[in-house]
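Shown next, in structure tokens, is the structure this report addresses.
The values are calculated or read from the model by the stated rules, or taken from the named source; none is laboratory data. Just so we're clear, the structure is a prediction, and the values are computed from it rather than from any experiment. With ideal geometry, Cβ positions are generated from the backbone for all residues, glycine too; neighbour counts draw on all protein chains shown. Side chains are part of the model used for accessible areas, which takes the heavy atoms of the whole protein and leaves out ligands, DNA and RNA. Shrake-Rupley method; radii C 1.70, N 1.55, O 1.52, S 1.80 Å.
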Amino acid sequence: MIEVFGLFNYWVFAALLMTGLYTVIAKTNLVKKMIGLAMFQSAVFLLYITMDKVEGGTAPILRNDVPGQIYSNPLPQVLILTAIVVGIATLALGLSIVVRIHEAYGTIEEDEAAKMDRE
Amino acid sequence: MSGLTHLPILAVVVPLLTAPLVALLRDRTLAWIAAVAASLCTLAVAITLVGALESVEYLAYPLGSWPAPYGIELRVDAFSALLLLIVTGASSAGLLIARDSLVGEVGSERQHLYLTAWLLAVAGLAGIVVSGDAFNIFVFLEVSSLATYVLIAGGPRRPALTAVFNYLIMGTIGATFYLIGVGLIYMMTGTLNLADMEQRISGVTELKPILVAGGFITIGLALKAAIFPLHAWLPGAYTHAPHAATVFIAACSTKVALYVLLRFDFFIFQGNLPDHEAQFRVFALPLAVVAMLVASALAIFERRNLKRMLAYSSIAHVGYIVFGAALATQTGLTAGILHMFNHALAKGTLFLAAASIGLGGAAVTFERLAGAGRRMPITTAAFVVGGLGLIGIPGTAGFVGKWYLVVGAAELGPAGVLMVVPLLVSSVLAVLYVWRAIEVAYFGSPDSARSSAPAVRAEAPLPMLAVLIVAAAANLWFGFLPSMPLTLAERAAEVLLTEPDQHK
Amino acid sequence: MTTVFGIFLLTLLLVTAIGIVRAKDLFVAVMLSGIYSLQIAAVFFILDAADVALTEAAVGAGVAAVLMLGALALVTREERPATGPRRLALAVVALTALLVVYATFDQPRLGDPGAPVHQHVAPWYLAETARLIDVPNVVTAILASFRGYDTLGELFVIFTAGIGVMFVLAVPRDARNGEEPSIDSAGLRHHLIPRVVGRLLVPFIVLFGLYVQFHGDYGPGGGFQAGALIATGLILHALIEGERAALRVVHRNVLLGLIAGGALLYTGVGIAGMLLGGRFLDYSVLRADPVAGQHLGILLVELGVGMTVTGVLLTIFHAFAARASVR
Amino acid sequence: MSLVLDSASFVLFVIGGAFIFTGGLGVLRMPDLYTRMHPAGITDTTGTILVLAGCLLQADLGLVTVKLAAILVFLLLTAPTAAYALANAARLAGVVPLRAAPRREDAAR
């Protein structure tokens, strides 16, 4: 099972990454872009968390009662905790800017706002 | 000695600690004084670091006293020190004029928040350049990016909002690409410490993920650094940001991204990937050449907004820096790194002058520039000095960098001599756009000004003028006596080009 | 069995992602992205990352969804049929996809204990945490101490976001395009059932948040997750009682104090380490016994993170909500 | 003893699973929002409660039992509230039940 699907996680990571990136580039709606950006970032979380898994391991919370317990790698988890925070911070700031754009232009479509800028 | 050991972290902690305090200060003046003090302290730290680095190759600082690959390590060498100098210098100059310049751009009831964001940007950029850990660089990259978005979003006109949204999207994509690259390298080496990574990467036999990581990191940072085809966010962001913030951002933010790019490409990949030099040259040189030519041409065709013209010129100058780096020789890298410093000086001066011209929150259009030579002679004179530096006239700092670029290219033999041509063409283009601005400033007379405003002296307030004069003087000073940045740049190039096994 | 379940979840994740892209109604897209977060949290959980799963569930499905809904209340809900640069997007995406898939072939397989990731630094953490820091949760040990500087950076990222949102939304609302706001500032006061149940739940949510905050050394959790939970509880309170009533309970100045106080607390602990003769963020010197010092340091910095996160998330919520209720 | 517990929880799992399955099927098959809420309610009340009860029987008496019981209580509180809020929101948004508006369809013809 592992042999066949050992890379499946990575492929899903790639697919999610692409879906997010496509949304960010191809959509003109600013809220949709932010959602796409969040998806794009969370795909990377999947990449990191996939590499932390050890076959037969458990979450890295040390247990004295089970000698010889295998633990999964804690470091990628720490990194991703930080990355999740970065993601939500970017989302919050981006959405506040979208709100202001809507107030200033009356639209949240990128091309319409750009057209108004040119005029 | 104990004070000296803590120097690397002080560059980050001072602005980081002051930022929450500034947020709590409601008073505009008090907040400004605290911010300026913090920025100047950080500048002092940077200068002390440069002094301390004369005797040692690098200063390492293990955070929390944990040994290097397990804990996070700060590592300051000549390259980082030079960048730290640029960041803190630009920030101090921008903050010193911010009190006068922000009036009419950022309402006084939210200026303390603005200054908080400013300090966070300083801390983020400083954190990037002193860090010796790949993931830590990402964290501080995000601190600086988010803070920079806030700085740009403070612009008084609504295009600032769309500009900053574009920047936010592109910047986040860039940072996430970087994160993917770091993840792939971590996957294959099991470490995040840069020095450790350099050692361990040579043991990796399956190179595909490393190659791809190289691609992701290069593209991601190229987005942040506005290397030519990925520069779309830059003109809008520079044009619509508040004037004081433009001084700061234009002088250092792309350069810090370039710093990380060079650090990765030369420190990590150089010597570990087969034919890295040749590949880097093949990819980066054409981009650099196109950037120099196209962006300069775009600057010529920008006939409305002075800041936008200068922004295009910045893209061209990123091209110069990449050009130097892409030569991948000692002279080339020295030239590229030196040009970071010199371009920061010249662009800083120009944007400082633009801030004076646009005082009160007006857009710096060519119409507004018209007749500035009579109204504000000192400002315009400083603008001319900065412009000459941009062109690379002998006697200004800009000349030294370009001279080394030419020498570095010529060293490569006949093909290199051919590459001098775009350098010269781009400089001629620079003459054209700088001259046009100067012409408008001295000889232009705006329609509106003819009727209403007579040619009275109307210089900017004294603090702004003083900063501007110091900046212009620095352009000339480092033009005649370039030894300080030159030595640092040479040593930085040496560090970058040293093969991993020769470090220890 | 876990593998099958994982593959099922991942496939579902892909389907949800495509659903988000295709949804024309932004409200639907936001709801789907909340579901997406829950699914990816479940994936993290079966990959043994309990802390990350908890965070992703609290942040992605909770906070992010609330933020997006708050923003949606202020902008148009429908997406106009796209005219974006589809060809460019497809080209970029195809190129990146090739790059990523090319990389995968030399990657270690899922769960391979011989992968380089599990060789160098990670075993050291697992082996030495018990001796040096003596907390069972290795993730907390790395987060707060071994790589505490990263977490300081993370704290300042969220701090920057809070300051940024406050700054960006502090501008008086432009009346020109002012459509009628859609959030009722009186909250759900007139809806009996949600109000009664919500009031019942709020204290428990906050209590659970405090548990996660202070139990983070022993189980999954820590300052950030706790902050997100407490903030969610208080946001629920604000939704029930109305935004103004909520601000009377926790005033804006208190929030700003929380934000700045948390940041100062974390940095202060770091500097205390410096003043007591260690390096920045060296907790071992805080007490005579290094391990006790580590415990104290971790407790304090986690508290700092919790304070700032709670403050920032609430501030951001109020910034959006206040914008909707101003006329 | 363990055999009794195992078989009891097995039965609970199967019945709970069946409820969840019918709930899912119902959401797909029902004609409008209000009728769909009925099977959806079955899924997150009856189905989940039965499955959780099965889990309770499997867990050793201790912290885990308390946690599972707490989840049960919370579900019993939140699921009906959510259903109420959903129906209420739909009503306020002007979604008309299927049977209440047959005439409009006639008029459309």
Scan of the stretch C:166-220 for residues that are modelled with pLDDT of 65 or more, within 14 Å of chain A (Cβ to nearest Cβ) and either open to solvent by 40 Å² or more (accessible area, probe 1.4 Å) or closer than 19 Å to residue C:324 by Cβ (or both), ordered by number:
C:166, C:167, C:168, C:169, C:170, C:171, C:172, C:215, C:218, C:220
Restricting to the stretch C:248-280, name every residue that is open to solvent by 30 Å² or more (accessible area, probe 1.4 Å), of a type outside the set (D, E, K, R) and assigned to a loop (DSSP other than H, G, I, E, B).
C:250, C:251, C:276, C:277
Of the candidates C:125, C:149, C:102, the one satisfying the condition of being in a helix (DSSP H, G or I) and surrounded by 24 or more Cβ atoms within 10 Å (Cβ to Cβ) is C:149
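Can you name every residue in the stretch C:12-28 that is at the interface with chain A (Cβ under 7 Å from one of its Cβ atoms) and in contact with a strand residue (DSSP E or B) (Cβ under 8 Å, 6 or more places away or on another chain)?
Filtering the stretch C:12-28 down to residues at the interface with chain A (Cβ under 7 Å from one of its Cβ atoms) leaves C:13-14, C:17-18, C:20-21, C:26.
Listed by number, the list holds a single entry, C:26.
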Single residue of the stretch A:50-79 satisfying the filter (among the polar types (S, T, N, Q) and facing another protein chain (nearest Cβ under 7 Å)) that is most open to solvent (accessible area, probe 1.4 Å):
A:58
Sole miss for residue C:116 among (1) more than 7 Å from chain A (Cβ to nearest Cβ); (2) open to solvent by less than 60 Å² (accessible area, probe 1.4 Å); (3) modelled with pLDDT of 85 or more is condition (3)
Residue among B:353, B:344, B:370 that alone is closer than 30 Å to residue B:461 by Cα, at pLDDT below 90, open to solvent by less than 20 Å² (accessible area, probe 1.4 Å) and not basic (Lys, Arg)
B:370
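When residues of the stretch C:29-83 are filtered for being among the acidic types (Asp, Glu), facing chain A (nearest Cβ under 7 Å) and surrounded by fewer than 18 Cβ atoms within 10 Å (Cβ to Cβ), how many remain? Quick ask: steps written out before the conclusion?
In the first step, residues of the stretch C:29-83 are kept if they are among the acidic types (Asp, Glu); the result is C:48, C:51, C:56, C:78-79.
Subset that is facing chain A (nearest Cβ under 7 Å): C:48, C:51, C:56, C:79.
In the following step, the residues that additionally are surrounded by fewer than 18 Cβ atoms within 10 Å (Cβ to Cβ) were identified as none.
Of the residues in the stretch C:29-83, 0 are among the acidic types (Asp, Glu), facing chain A (nearest Cβ under 7 Å) and surrounded by fewer than 18 Cβ atoms within 10 Å (Cβ to Cβ).
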Return yes or no: is residue C:29 assigned to a helix (DSSP H, G or I) and touching an Asp or Glu at 6+ places or on another chain (Cβ under 9 Å)?
yes
Which one of these is part of a helix (DSSP H, G or I) and within 14 Å of chain B (Cβ to nearest Cβ): C:313, C:300?
C:300
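Name every residue in the stretch C:281-304 that is among the aliphatic types (A, V, I, L, M), open to solvent by 10 Å² or more (accessible area, probe 1.4 Å) and under 18 Å from the mean Cα position of the chain (by Cα), in order of residue number. Steps first, please.
Keep residues of the stretch C:281-304 that are among the aliphatic types (A, V, I, L, M), which gives C:281, C:285-286, C:288, C:291-292, C:296, C:298-301, C:303.
Now restrict to residues that are open to solvent by 10 Å² or more (accessible area, probe 1.4 Å): C:285-286, C:288, C:291-292, C:296, C:299-300, C:303.
The one that is among the aliphatic types (A, V, I, L, M), open to solvent by 10 Å² or more (accessible area, probe 1.4 Å) and under 18 Å from the mean Cα position of the chain (by Cα): C:303.
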Within the stretch A:85-97, does at least one residue satisfy the condition of being over 16 Å from the mean Cα position of the chain (by Cα), outside any helix (DSSP H, G or I) and within 7 Å of chain C (Cβ to nearest Cβ)?
no
Does the stretch B:100-121 hold any residues that are more than 14 Å from residue B:154 (Cα to Cα) and away from every other protein chain (no Cβ under 12 Å), and which are they?
B:100
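Just the residues that are in a helix (DSSP H, G or I), out of contact with any Gly (no Cβ under 8 Å at 6 or more places or on another chain) and either open to solvent by less than 50 Å² (accessible area, probe 1.4 Å) or without any contact (Cβ under 8 Å) to a residue 40 or more places away in the chain (or both), please, taken from the stretch B:312-332. Quick ask: steps written out before the conclusion?
Going through the stretch B:312-332, the residues in a helix (DSSP H, G or I) turn out to be B:312-327, B:330-332.
Now drop any that are not out of contact with any Gly (no Cβ under 8 Å at 6 or more places or on another chain), which leaves B:312-319, B:330.
The answer is B:312, B:313, B:314, B:315, B:316, B:317, B:318, B:319.
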Filter the stretch C:257-291 down to residues that are modelled with pLDDT under 90 and either in contact with a Lys or Arg (Cβ under 6 Å, 6 or more places away or on another chain) or of a type in the set (A, V, I, L, M) (or both) and give me whichever is nearest to residue B:110 (Cα to Cα).
C:281
Here are some conditions: (1) over 14 Å from residue B:120 (Cα atoms); (2) crowded, with 24+ Cβ neighbours inside 10 Å. Residue C:163 meets all but one. Which one does it not meet?
(1)
Conditions: (1) within 14 Å of chain C (Cβ to nearest Cβ); (2) farther than 30 Å from residue D:98 by Cβ; (3) crowded, with 17+ Cβ neighbours inside 10 Å. Residue D:66 meets all but one. Number of the miss?
(3)
Would you pick out the residues in the stretch B:151-168 that are in contact (Cβ under 8 Å) with a residue 40 or more places away in the chain and part of a helix (DSSP H, G or I)?
B:151, B:152, B:159, B:160, B:162, B:163, B:164, B:166, B:167
The condition from (1) assigned to a helix (DSSP H, G or I); (2) in contact (Cβ under 8 Å) with a residue 12 or more places away in the chain that residue C:292 misses is numbered (2)
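Answer yes or no as to whether residue B:40 is open to solvent by 30 Å² or more (accessible area, probe 1.4 Å), facing another protein chain (nearest Cβ under 9 Å) and part of a helix (DSSP H, G or I). Give the steps one after another, and end with the answer.
Working: open to solvent by 30 Å² or more (accessible area, probe 1.4 Å): yes; facing another protein chain (nearest Cβ under 9 Å): no; part of a helix (DSSP H, G or I): yes.
Considered against the rule, which asks whether it is open to solvent by 30 Å² or more (accessible area, probe 1.4 Å), facing another protein chain (nearest Cβ under 9 Å) and part of a helix (DSSP H, G or I), residue B:40 comes out as no.
Every residue, every condition in (1) closer than 22 Å to residue C:197 by Cβ; (2) crowded, with 17+ Cβ neighbours inside 10 Å, yes or no:
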{"position": "D:4", "(1), (2)": "no, no"}
{"position": "D:7", "(1), (2)": "no, no"}
{"position": "D:16", "(1), (2)": "no, yes"}
{"position": "D:22", "(1), (2)": "no, no"}
{"position": "D:45", "(1), (2)": "yes, yes"}
{"position": "D:59", "(1), (2)": "no, no"}
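Filter the stretch A:21-42 down to the residues that are touching a Ser or Thr at 6+ places or on another chain (Cβ under 8 Å) and more than 7 Å from chain C (Cβ to nearest Cβ), then identify the one that is surrounded by the most Cβ atoms within 10 Å (Cβ to Cβ).
So, considering only residues that are touching a Ser or Thr at 6+ places or on another chain (Cβ under 8 Å) and more than 7 Å from chain C (Cβ to nearest Cβ), the one surrounded by the most Cβ atoms within 10 Å (Cβ to Cβ) is A:36.
Give the residues of the stretch B:206-229 that are aliphatic (A, V, I, L, M) and within 11 Å of chain C (Cβ to nearest Cβ), sorted by residue number. If you could, list the steps in order and put the result at the bottom.
As a first pass, look at the stretch B:206-229 and keep what is aliphatic (A, V, I, L, M): B:207, B:210-213, B:217, B:219, B:221-223, B:225-227.
Passing the criteria: B:207, B:210, B:211, B:212, B:213, B:219.
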Kindly indicate whether residue C:326 is among the β-branched types (Val, Ile, Thr) and either modelled with pLDDT under 85 or open to solvent by 40 Å² or more (accessible area, probe 1.4 Å) (or both).
yes
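Inside the stretch D:1-16, can you point out the residues that are in a helix (DSSP H, G or I) and over 17 Å from residue D:72 (Cβ atoms)? So that I can check it myself, show each step before the final result.
If we filter the stretch D:1-16 for residues that are in a helix (DSSP H, G or I), which is where we start, we get D:2-16.
Scanning the stretch D:1-16 gives D:2, D:3, D:4, D:5, D:6, D:7, D:10, D:11, D:14.
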Show the residue pairs meeting these rules: Cβ distance below 6 Å; 6+ apart or different chains; first residue within the stretch B:187-212 and free of Cβ contacts under 8 Å to residues at least 40 places away in the same chain; second residue surrounded by 17 or more Cβ atoms within 10 Å (Cβ to Cβ) and of a type in the set (Asp, Glu).
B:206/C:106; B:208/C:106; B:209/C:106
Among B:63, B:119, B:125, which is of a type outside the set (Asp, Glu), surrounded by 24 or more Cβ atoms within 10 Å (Cβ to Cβ) and without any contact (Cβ under 8 Å) to a residue 60 or more places away in the chain?
B:63
